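Q: What follows is a single structure, and I will ask about it in a moment.
The values are calculated or read from the model by the stated rules, or taken from the named source; none is laboratory data. Note that this is a predicted model, so its numbers are computed, not measured. Here the Cβ is made from the backbone with ideal geometry for all residues, glycine too, and neighbour counts use every protein chain on show.
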Amino acid sequence: MADLVTFFIFFVVIIFSALLFGGWVIVSLFKGVGKVAGLILGPVNWRIPGPTGCTECGKMNPPWAKFCRRCGRPQPDPLSAR
């Protein structure tokens, strides 16, 4: 009976170690793929542009606004300024 308990504990420890190691390998692979993709594609700017000020009246408008909300002047596209 003691041999069976010892074998069961040994088996559980081996399975737990294998799962832990497997998870570590998968995370490491994803990190490596991300680093390689970053080297190939270059840095990516994920920031959303903030509000922009109107050049005529100075009113702060959302970045997607085509026209100023106060004076109606056409606004430049903040994404084309890159």
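Q: Among LYS31, LYS66, which is the only one that is under 20 Å from the mean Cα position of the chain (by Cα) and either exposed (fewer than 10 other Cβ atoms within 10 Å of the Cβ) or at pLDDT 90 or above (or both)?
A: On inspection, the qualifying residue turns out to be LYS31.
Q: Evaluate the following for GLY53: is it without any contact (Cβ under 8 Å) to a residue 12 or more places away in the chain and either exposed (fewer than 10 other Cβ atoms within 10 Å of the Cβ) or closer than 30 Å to PRO74 by Cα (or both)?
A: On the way: without any contact (Cβ under 8 Å) to a residue 12 or more places away in the chain: yes; either exposed (fewer than 10 other Cβ atoms within 10 Å of the Cβ) or closer than 30 Å to PRO74 by Cα (or both): yes.
Yes.
Residues are listed down the side, and each one gets a yes or a no for (1) in a helix (DSSP H, G or I); (2) among the hydrophobic types (A, V, I, L, M, F, W, C):
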position: VAL5; (1), (2): yes, yes
position: PHE8; (1), (2): yes, yes
position: SER17; (1), (2): yes, no
position: LEU20; (1), (2): yes, yes
position: PHE30; (1), (2): yes, yes
position: LYS35; (1), (2): yes, no
position: GLY38; (1), (2): yes, no
position: VAL44; (1), (2): no, yes
